[in-house]
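Let me begin by presenting the structure, written as structure tokens, before commenting on it.
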Amino acid sequence: MSKLVCITGASRGIGYETALEFAAGGYDLILLCKTHFSKLQELELKIRSDYGRQCYLIQADISDHLSLQNKFFSYIEEKKLFPDILIHNAGISYVGLLQDMPFEAWHEIIDTNLSSAFYLSKFFIPHFLRKNSGKIVFVSSVWGNWGASCEAAYSASKGGLNSFTKALAKELAPSNIQVNAVAFGAIDTTMNNHLTSAEKDILCEEIPAGRMGTPKEAGSFLYQLAHCPAYLTGQIITMDGGWM
């Protein structure tokens, strides 16, 4: 049977490049996004053309467990698509003073970046248990380790994701299921579009590598991490060009 990976937030940036890495590695793919479904369809055409792999596209809101159940989980169960690997990449940010942050924005950040990890894990774990194998990789951030001014909610969500990763890894290790996360630094994606060119230049001066990381580098590392030896679990691995 073909190898199968599920990637959230796959329509652009890190998720897009991660999908290409897995397709090149011989995987069929379950690809999920919330808003840019046309980009996901373009990605499917590229994967079919360049790699000849099968893609299953789903549009759903990962912050809403009912949306996931009705549009994502039900589809996977109906088609009996149970992946070997879950790459949970989807996430959002909020930049601004905490005192000015609307209550709704706080809940959106926490639900999208943290609660979604619970929803996805709760659904996929029983399938991994039946196979006595599986890999879960979460996309986190250096701000989950260090915290960032004007990104308190984002930092809290990623810090929670890091703790969730460590705890879940201990819970699942006896069942041969590995759980790890990557704390990325500054990656050149649309999430950083709020920065001006001058601000990006200043940021790059702070990074020992002298530049932001590329989505392709991030996707390549996620693919490599998903194929590390099974004894590697419960780790938050930083990839930030030596920044932090």
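The values are calculated or read from the model by the stated rules, or taken from the named source; none is laboratory data. None of these values were measured; they are calculated from a predicted model. Positions of Cβ are backbone-derived with ideal geometry, glycine not excepted, and every protein chain shown enters the neighbour counts. Ligands, DNA and RNA are excluded from the accessible area calculation, which covers all protein heavy atoms including side chains. Shrake-Rupley method; radii C 1.70, N 1.55, O 1.52, S 1.80 Å.
Against the condition surrounded by 20 or more Cβ atoms within 10 Å (Cβ to Cβ) and out of contact with any Lys or Arg (no Cβ under 8 Å at 6 or more places or on another chain), how does residue 153 come out, does it pass? Taking the combined requirement at face value, the residue satisfies it.
For the residues 140, 163, the requirement of being over 22 Å from residue 3 (Cβ atoms) and surrounded by 15 or more Cβ atoms within 10 Å (Cβ to Cβ) singles out 140.
Just one of the listed residues (83, 174) is out of contact with any Asp or Glu (no Cβ under 7 Å at 6 or more places or on another chain) and either outside any helix (DSSP H, G or I) or among the hydroxyl-bearing types (Ser, Thr, Tyr) (or both), namely 83. Of all residues in region 191-225, those being open to solvent by less than 90 Å² (accessible area, probe 1.4 Å), aliphatic (A, V, I, L, M) and out of contact with any helix residue (DSSP H, G or I) (no Cβ under 8 Å at 6 or more places or on another chain) number 5. For residue 175, are the conditions met, namely being hydroxyl-bearing (Ser, Thr, Tyr), closer than 30 Å to residue 97 by Cβ, touching a Leu at 6+ places or on another chain (Cβ under 8 Å) and in contact (Cβ under 8 Å) with a residue 24 or more places away in the chain? Answer is no for this residue. Can you spot a residue in region 1-9 that is at positive phi, crowded, with 22+ Cβ neighbours inside 10 Å and either part of a strand (DSSP E or B) or touching a residue at least 40 places away in the same chain (Cβ under 8 Å) (or both)? Looking for residues that are at positive phi, crowded, with 22+ Cβ neighbours inside 10 Å and either part of a strand (DSSP E or B) or touching a residue at least 40 places away in the same chain (Cβ under 8 Å) (or both), one finds at least one in region 1-9, hence yes.
This table checks each residue for (1) more than 30 Å from residue 174 (Cα to Cα); (2) open to solvent by 20 Å² or more (accessible area, probe 1.4 Å); (3) not small (Gly, Ala, Ser).
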| site | (1), (2), (3) |
| --- | --- |
| 67 | yes, no, no |
| 72 | no, no, yes |
| 89 | no, yes, yes |
| 123 | no, yes, yes |
| 149 | yes, yes, no |
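Which of the residues that make up region 132-144 are in contact with an Asp or Glu (Cβ under 8 Å, 6 or more places away or on another chain) and within 20 Å of residue 228 (Cα to Cα)? Residues satisfying the conditions are 133, 134, 135. Residues considered: 14, 47. Of these, the only one that is crowded, with 20+ Cβ neighbours inside 10 Å, in a helix (DSSP H, G or I) and more than 17 Å from the chain's Cα centre (by Cα) is 47. In the set 56, 27, only one residue is touching a residue at least 12 places away in the same chain (Cβ under 8 Å) and open to solvent by 50 Å² or more (accessible area, probe 1.4 Å); that residue is 56. Of everything listed in (1) open to solvent by 10 Å² or more (accessible area, probe 1.4 Å); (2) among the hydroxyl-bearing types (Ser, Thr, Tyr); (3) under 19 Å from residue 88 (Cβ atoms); (4) at pLDDT 95 or above, the single unmet condition for residue 35 is (4). Being over 24 Å from residue 220 (Cα atoms) and among the hydrophobic types (A, V, I, L, M, F, W, C) holds for only one residue in 82, 37, 73, and it is 73.
Residues in region 187-198 that are more than 19 Å from residue 242 (Cα to Cα) and part of a helix (DSSP H, G or I): 190, 191, 197, 198. Against the definition (open to solvent by less than 10 Å² (accessible area, probe 1.4 Å) and either part of a helix (DSSP H, G or I) or touching a Ser or Thr at 6+ places or on another chain (Cβ under 9 Å) (or both)), how does residue 129 come out, yes or no? No: the conditions fail for residue 129.
Given 93, 116, 163, 74, which one is in a helix (DSSP H, G or I), among the hydroxyl-bearing types (Ser, Thr, Tyr) and touching a residue at least 40 places away in the same chain (Cβ under 8 Å)? One residue alone meets the criteria, 116.
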